[in-house]
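The values are calculated or read from the model by the stated rules, or taken from the named source; none is laboratory data. In this text the structure is predicted, and so the values were computed from the model without any measurement. Positions of Cβ are generated from backbone atoms using ideal geometry, with glycine treated the same way; all protein chains shown enter the neighbour counts. For the accessible areas, the whole protein counts, side chains as well, though only heavy atoms, and no ligand, DNA or RNA atoms are used. Shrake-Rupley method; radii C 1.70, N 1.55, O 1.52, S 1.80 Å.
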Amino acid sequence: MIQFENVHFHYNKHAPDILHDVSFTLARGSYHFLTGPSGAGKTSLIKLLFLGKIPQEGKITLFGSDTAAASRKELSEIRRNIGVVFQDFRLLGNLSAFDNVALPLRISGRPREEINNHVNELLDWVGLGDHKQNLPETLSGGQQQRIAIARAVIAQPKLLLADEPTGNLDNEIGFRLMGLFEQLNRTGTTIVIATHNPNIIEQFGHPCLRLVGGTVKQDNTEAHARKKIRHVF
Amino acid sequence: MFSKILHILHIKIIKTHWDSVKFYKLPKPDMSYIRALFNRYSPLKDQNYDLPLNKGSDTNFLVLLISLMSFLAVLALSGSIAINSMTNRWSSGLENKITIEIAVETKEGHILSQETIGQETIALYKMLSENKRVKSANVLNHEDIQELLSPWIGNDMNLEDLPLPGLIAIELHNIDEKGLKELTEEIEKTSQYAQLETHREWLSDLINFANTLQMLALVVTLIIGSITIIAIAYAVRTRLALHHNEVALLHHMGASDNYIARQFRNHAIILSFKGGMIGTSAGIAMTFILTLLSRNSGTDLIPVINIGLWGMALLLLIPVIVCSVAVITSYLTVLRSLAKMP
């Protein structure tokens, strides 16, 4: 479903590759942690996954489409199937919590009534029903993060990416947030979480994409599943 | 000031006639139908931009710039229209019209007596009245000549003491060059002192000059248009750079280039229409003042500015043209910039 084949990526042609010969495959409905030391290229890999950057070499296939061969319109449609929770939230400061969450639906051209229903429901669900008209700057970091997550999941994306989603949160809220991702994964959403928090990786026990020296080492999913089952029983 | 006076009066009424004063609240008009129509058909229906385009001091700068450009465009255009109507007036006024002069001084340098001039004039008038090429002939008397000369010598001068030429204003039927040549020969045969003035030479010079002025006005309008396009493109690029993160976010969320460009377009419509209306109103007011001044100048040397209904309609099109230019420029600029995003 999501496939990287020999992907090379750098920001500057005079600089060395950030990602070097990266190849991996993510099955539909899978859940992976993207881990590695600081500066290993986690954020760059996330950018490639949501088509924020294009690789200099290699092939990226998302939802069965070769992104290099896709037209601009097709790329927009692919992007609408990807939800991203940015490390710095990237909420639009001029829009209310409601409008920020409604953004992906407006972009998709959904009817106003549907947007109102879905956004109200989701904001109530993430506990921000009383802050719908608040601007992001009037909300706490945790509340902003919940808006960012609500915005990422409102359009029911096929792929959800989160870059260090627990980085700015205390442990309790961080674990609650991971619980939310678990629920989403159960509905069939493929999830990739970039984190360097070993506690979370250990606690939730999902397979990892480990970035080492600019390349990705993927856990063997079957072996990982067997290990997880042994751990549970 | 006015509201302050009203406020004071209001308090006074309440104090003195508190018991007798009744306040009625007017029912609020139902605007929902108009709002629904607007939301359905207006290009500005997405009035709540995702991008913070309303903020920033350059918004006012752009409105001011578009106002100035519209103002100058109105002046250039109204100047062009006025020149056009003036040349039309000259051409139609002098079309098929010639003047015959029995000059006081002959080509040989002899001075003719007023009596001779009178006799020659009457002979010519008789011949012209019977000529089939001539529609009408009119001998100008002293009063007519004084009126013609009044812009230069004023109305107070007594012309009785001056040697005046004999003048006959003639209106011809539509005749060609050959017909005019034959008529000229007949006139020369009737009076050896007659000099024919067809106005064509000096009128063509004047019309050429007017056409040059019109071209100049057109060039000025084009320069104004170019400056407007450059200013709008620059402002849009600045906005794009200023809100790069927000634009990139929308792009990464799957917003099409058109979706993003539409927001800039709607913003451009509002700003350019505002600026266009201000500038055009000021320009039309200025044109109106100039028209009044030209009509009340008291001298025939300053031509009367006449814009006319069609000209006014053309001037009122300027905000629409400015809006269209702003929309196309902003839309294309945004699309070009977005094309650079992966």
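Restricting attention to segment A:156-176, the residues that are open to solvent by less than 20 Å² (accessible area, probe 1.4 Å) and over 13 Å from the mean Cα position of the chain (by Cα) total 1. Is it the case that some residue within segment A:88-104 is in contact (Cβ under 8 Å) with a residue 60 or more places away in the chain, touching a helix residue (DSSP H, G or I) at 6+ places or on another chain (Cβ under 8 Å) and surrounded by fewer than 19 Cβ atoms within 10 Å (Cβ to Cβ)? Looking for residues that are in contact (Cβ under 8 Å) with a residue 60 or more places away in the chain, touching a helix residue (DSSP H, G or I) at 6+ places or on another chain (Cβ under 8 Å) and surrounded by fewer than 19 Cβ atoms within 10 Å (Cβ to Cβ), one finds none in segment A:88-104, hence no. When A:Asn6 is tested against the conditions (1) in a loop (DSSP other than H, G, I, E, B); (2) surrounded by fewer than 19 Cβ atoms within 10 Å (Cβ to Cβ), the lone failure is (1). Here segment B:311-329 is the region considered, the condition is being closer than 19 Å to B:Ile278 by Cβ and small (Gly, Ala, Ser), and the residue that is surrounded by the most Cβ atoms within 10 Å (Cβ to Cβ) is B:Ala326. Among the residues of segment B:241-253, not a single one is modelled with pLDDT under 90, over 30 Å from A:Leu159 (Cα atoms) and open to solvent by less than 70 Å² (accessible area, probe 1.4 Å). For the residues B:Ile207, B:Ile227, B:Ile223, the requirement of being in contact (Cβ under 8 Å) with a residue 60 or more places away in the chain and either among the basic types (Lys, Arg) or exposed (fewer than 15 other Cβ atoms within 10 Å of the Cβ) (or both) singles out B:Ile227.
Search segment B:238-262 for residues being of a type in the set (Ser, Thr, Tyr) and assigned to a helix (DSSP H, G or I), and hand back the single one that is nearest to the other protein chains (Cβ to nearest Cβ). Even if it seems obvious, please write down each step before you answer.
So the first thing to find is which residues in segment B:238-262 are of a type in the set (Ser, Thr, Tyr), and the list is B:238, B:256, B:259.
Going one step further and asking which of them are assigned to a helix (DSSP H, G or I), we end up with B:238, B:259.
Details: B:Thr238: 17, B:Tyr259: 6 Å.
Among them, the one singled out is B:Tyr259.
Taking A:Lys42 as the residue in question, decide whether it is in contact (Cβ under 8 Å) with a residue 40 or more places away in the chain, surrounded by 13 or more Cβ atoms within 10 Å (Cβ to Cβ), of a type in the set (D, E, K, R) and more than 22 Å from A:Asn197 (Cα to Cα). Give the steps one after another, and end with the answer.
Numbers: in contact (Cβ under 8 Å) with a residue 40 or more places away in the chain: yes; surrounded by 13 or more Cβ atoms within 10 Å (Cβ to Cβ): yes; of a type in the set (D, E, K, R): yes; more than 22 Å from A:Asn197 (Cα to Cα): no.
The answer is no for A:Lys42.
With respect to B:Ala235, determine if the residue is more than 14 Å from chain A (Cβ to nearest Cβ), under 30 Å from the mean Cα position of the chain (by Cα) and crowded, with 18+ Cβ neighbours inside 10 Å. Answer is yes for this residue. Within segment A:18-36, the set of residues being surrounded by 15 or more Cβ atoms within 10 Å (Cβ to Cβ), out of contact with any Gly (no Cβ under 6 Å at 6 or more places or on another chain) and part of a loop (DSSP other than H, G, I, E, B) comprises A:Ser30, A:Gly36.
Within the set of pairs 6 or more residues apart or between chains, which connect a residue that is hydrophobic (A, V, I, L, M, F, W, C) inside segment B:84-112 to a residue that is open to solvent by 90 Å² or more (accessible area, probe 1.4 Å) and modelled with pLDDT of 75 or more with Cβ atoms less than 6 Å apart? Taking only residues 6 or more apart or on different chains, the pairs are B:Ile111/B:Glu105. Filtered by the rule that a residue be within 9 Å of chain B (Cβ to nearest Cβ), open to solvent by 20 Å² or more (accessible area, probe 1.4 Å) and farther than 25 Å from A:His20 by Cβ, segment A:52-87 gives A:Arg72, A:Lys73, A:Glu77, A:Arg80, A:Asn81. Against the test of being free of Cβ contacts under 8 Å to residues at least 12 places away in the same chain, among the basic types (Lys, Arg) and not in a strand (DSSP E or B), the options A:Arg146, A:Arg176 yield a single qualifying residue, A:Arg176. Taking the conditions (1) part of a helix (DSSP H, G or I); (2) touching a helix residue (DSSP H, G or I) at 6+ places or on another chain (Cβ under 7 Å) in turn, A:Leu75 satisfies each one other than (2).
Residues of segment A:38-48 being within 13 Å of another protein chain (Cβ to nearest Cβ) and over 11 Å from A:Val22 (Cβ atoms), which ones? Residues satisfying the conditions are A:Ile46, A:Lys47. With respect to the conditions (1) assigned to a loop (DSSP other than H, G, I, E, B); (2) under 29 Å from B:Glu246 (Cβ atoms), A:Ser44 falls short on a single one, namely (1).
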